[in-house]
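So the structure is just underneath, and the comments pick up after that.
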Amino acid sequence: MDGTTDRRPVGRGGLTVGRLGLGTAPIGGLFEAVGEDQAAATLQAAWDAGVRYFDTAPHYGAGLAERRLGAFLTSARRTEAVVSSKVGRLLRPDGTQVRDYSRDGVYRSLAGSLERTGLDAFDILYIHDPDDYWAEAVGEAYPALERLRDEGAVKAIGVGMNQTHLLSRFVAETDVDCVMVAGRYSLLDREAARDLLPRCRERGVAVIVAGVFNSGVLADPRPGAHFDYAPAGEAVLDRARAMARRCAAYGVPLSAAAVRYPLRHPAVTGVVVGARTPAEVSAATTAPPVPEPLWAELEEL
């Protein structure tokens, strides 16, 4: 899957991203610790495969993912890369986090992220998971990001969440450039297709789909696999295994279908895949084409 030559616009300022990006939560230690060498090798594998969009956040490993990504992005690489981070989950100096969607919180969060990464700027900033903070997020965090965009300090702004209702409200009531929807448009969960994706297409808002493996079960539906950040129940495992069997009959890995599925929707700009090893990067970036009959069979499930 080409993450370099096939690029799509985000916002109106000329920014484009490849169809496949790398999410850095796993190299920040999501679910299990990842060593420095392995994290660096994973980033290098993504770069060698043509990936140029990297997404991070203070929340990922309490700043660890940001530091590791920043260390990888040498000045030469930075000129080619598109980098996004997030605001709203403010990381304190002692490593603890506090939800802060205020204007000043946005500026403090951005300053901290720039310091940890060593970068001069981010290309995209998302408001991170404002599920219970709508009023503060839309009334303070969004205007702060809008000002940063107007001043040229960031090229595009958006919101990233694991739900679709508030994302749809942001699209309808603000001038965001993009949304990152995690886990709600996958082989196991089509919720975003009901309202969010059509609304984004109508408004010209770019959609980045994250969580295409639903925390892991669509990469490897084994006992103990995660679904939406918790151990997957038997019903979910059964559905994922049924999908895996259908895929195997066509010689297609389930993970390949999981990566490619969101890209079939005309509203989807790209997907961000989390990986903690070079092998996981390879599985995502070399995902083979999926035959149309297989898509029909997976839709049945």
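See the values below:
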| item | result |
| --- | --- |
| Relative packing of 95-105, 46-56, 238-248, which averages over residues the other C-beta atoms within 10 Å, highest first | 46-56, 238-248, 95-105 |
| Other-chain or far-sequence residues with amide H under 5 Å of Ala210's (modelled H) | Val181, Ala182, Gly183, Val272 |
| Farthest toward positive dipole pole in the range 1-107 [+1 Lys/Arg, -1 Asp/Glu at C-beta], among Ala71, Ser102, Val83 | Ser102 |
| Estimated vicinal HN-Hα couplings, Hz - the range 7-19 in sequence order (Karplus 6.51, -1.76, 1.60; Gly, Pro = x) | 10, 10, x, 10, x, 10, x, x, 6, 10, 10, x, 5 |
| Whole-percent carbon and sulfur share, accessible surface of the range 207-269, 1.4 Å | 56 |
| Accessible area (Å², per residue) of the range 248-301, counting only protein heavy atoms and a probe of 1.4 Å | 40 |
| Debye, to nearest 20: dipole size of the range 161-279, +1 on Lys, Arg Cβ, -1 on Asp, Glu Cβ | 400 |
| For Leu22, distant residues with modelled amide H under 5 Å away | Tyr53, Phe54, Asp55, Val273 |
| Surface share of carbon and sulfur [accessible, 1.4 angstrom probe, percent] for the range 23-175 | 48 |
| Calculated Rg and Dmax of the chain using C-alpha coordinates, Å | 18.1, 54 |
| Solvent-accessible area per residue, Å², over the range 60-212 with all protein chains present [probe radius 1.4 Å] | 40 |
| Relative contact order (%) - the chain, alpha-carbon pairs under 8 angstrom, separation at least six | 19 |
| Under-5 Å amide H pairs with His226, H placed in peptide plane, nonlocal only | Val217, Ala232 |
| Under Karplus coefficients 6.51, -1.76 and 1.60, residue-wise ³J(HN,Hα) of the range 197-213 in Hz, glycine/proline x | 5, x, 5, 5, 5, 5, 8, x, 9, 5, 10, 9, 9, 10, x, 5, 8 |
| Overall form of the range 1-103 per C-alpha gyration tensor (a/c, 1.5; a/b vs b/c) | oblate |
| Translational D in µm²/s for the range 179-283 (Stokes-Einstein at 10 °C, 1.306 mPa s, Kirkwood Rh from C-alpha pairs) | 113 |
| For the chain, size of Cβ-based charge dipole, Lys and Arg +1, Asp and Glu -1, in debye | 400 |
| Percentage relative contact order, the range 1-139, counting C-alpha pairs under 8 Å, at least six apart | 20 |
| Phi-based couplings in Hz for the range 217-231 (Karplus 6.51, -1.76, 1.60; Gly and Pro marked x) | 5, 8, 8, 7, x, 8, x, x, 5, 9, 10, 6, 6, 9, x |
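The values are calculated or read from the model by the stated rules, or taken from the named source; none is laboratory data. Quick caveat: nothing in here was measured; it's all calculated off a predicted structure. Heads up, the Cβs are rebuilt from the backbone with ideal geometry, glycines too, and the neighbour counts pull from every protein chain shown. We work out accessible area using only protein heavy atoms, side chains counted, and drop any ligands, DNA or RNA first. Shrake-Rupley method; radii C 1.70, N 1.55, O 1.52, S 1.80 Å.
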